[in-house]
1. Just checking, how many residues over the range 115-142 are in contact with a strand residue (DSSP E or B) (Cβ under 9 Å, 6 or more places away or on another chain), within 9 Å of the ligand (Cβ to nearest atom) and among the β-branched types (Val, Ile, Thr)?
2. Assuming ARG157 fulfils every condition listed in (1) in a strand (DSSP E or B); (2) surrounded by 15 or more Cβ atoms within 10 Å (Cβ to Cβ) apart from one, which condition is it?
3. Is it the case that ALA98 is crowded, with 17+ Cβ neighbours inside 10 Å and within 30 Å of GLY141 (Cβ to Cβ)?
4. Any chance you could count how many residues in the range 167-176 are surrounded by fewer than 14 Cβ atoms within 10 Å (Cβ to Cβ) and either hydrophobic (A, V, I, L, M, F, W, C) or modelled with pLDDT of 95 or more (or both)?
5. What single numbered condition from (1) over 13 Å from LEU17 (Cα atoms); (2) at pLDDT 95 or above fails to hold for VAL119?
6. Please work out if GLY68 is modelled with pLDDT of 95 or more, more than 10 Å from the ligand (Cβ to nearest atom) and part of a loop (DSSP other than H, G, I, E, B).
7. How many residues does the range 122-179 contain that are closer than 17 Å to ALA95 by Cβ and touching a helix residue (DSSP H, G or I) at 6+ places or on another chain (Cβ under 7 Å)?
8. How many residues does the range 6-26 contain that are surrounded by fewer than 18 Cβ atoms within 10 Å (Cβ to Cβ) and farther than 22 Å from ARG130 by Cα?
Amino acid sequence: MELAPRFAPIVAEHLLLRPLAVAEAAAVAAYHRDPTVARYQGWGVVDRSEIERDLTAMQSRIPCDVPGAWFQLALVERAGGALVGDLGVRRLTEAHDAAEIGYTVAPPYQRRGYATEAVRAVSDWLLGRRALARVIAVMDGRNAASIAVAERAGFARVSCVETRHGGAPTVLLTYERRA
Ligand SMILES: CC(C)(COP(=O)(O)OP(=O)(O)OC[C@H]1O[C@@H](n2cnc3c(N)ncnc32)[C@H](O)[C@@H]1OP(=O)(O)O)[C@@H](O)C(=O)NCCC(=O)NCCS
């Protein structure tokens, strides 16, 4: 009998990164609905049952096994076990040696360095253990917090494309960290 692949949680200084559990969908939906969190995101209406469905489908997988499919990690405080945010990762379909990440920290836990710590730890893992060549993050050019996180975690800006978001002109920035 073939065993399902196992993913050992990533342990960082203050955070543990492990697969999001289906039971955490309601908590994730609640902070994703916060207008300050959703401001620069493309996710539209946040639907708890959709998150539950995606998390259920993900449970037998490991990050980056299926090109294009997002894998959602929970960011958990090692002291106390609180769920403080999430970080999605997927292998790109157009470049199999590359992964994309997207990250969110719930408002009460922001500005403690958690996103920077998580992005560093996951990209170390992707470029090291998973032997990928590069990790990218794509963000709205007005998202100062996300830009600061990417730059602090060792990513460099590689492209800037004009776009519109919510009816307003903006730019879409791609940041990249290489092995
Ligand atoms: C982007 C986000 C994940 C940052 O999370 P975080 O845990 O607060 O980030 P960090 O604490 O690691 O912040 C690192 C630096 O980013 C900058 N930063 C953080 N929040 C900021 C804000 N609201 N405005 C401007 N700069 C900010 C600061 O320079 C900060 O360092 P400092 O606290 O020492 O000044 C969080 O703001 C968030 O979830 N936003 C909504 C979702 C989102 O936009 N995600 C990015 C999608 S690509």
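1. 2
2. That leaves (2) as the condition not met.
3. When the stated conditions are applied, ALA98 passes them.
4. Within the range 167-176, residues that are surrounded by fewer than 14 Cβ atoms within 10 Å (Cβ to Cβ) and either hydrophobic (A, V, I, L, M, F, W, C) or modelled with pLDDT of 95 or more (or both) number 1.
5. Tallying (1) over 13 Å from LEU17 (Cα atoms); (2) at pLDDT 95 or above, VAL119 fails exactly one: (1).
6. So GLY68 does not fit the description; no.
7. Total satisfying the criteria: 6.
8. Matching residues across the range 6-26 total 5.
The values are calculated or read from the model by the stated rules, or taken from the named source; none is laboratory data. Source: prediction; values computed, not measured. Cβ sites come from the backbone with ideal geometry, for glycine too, and all protein chains shown count toward neighbours.
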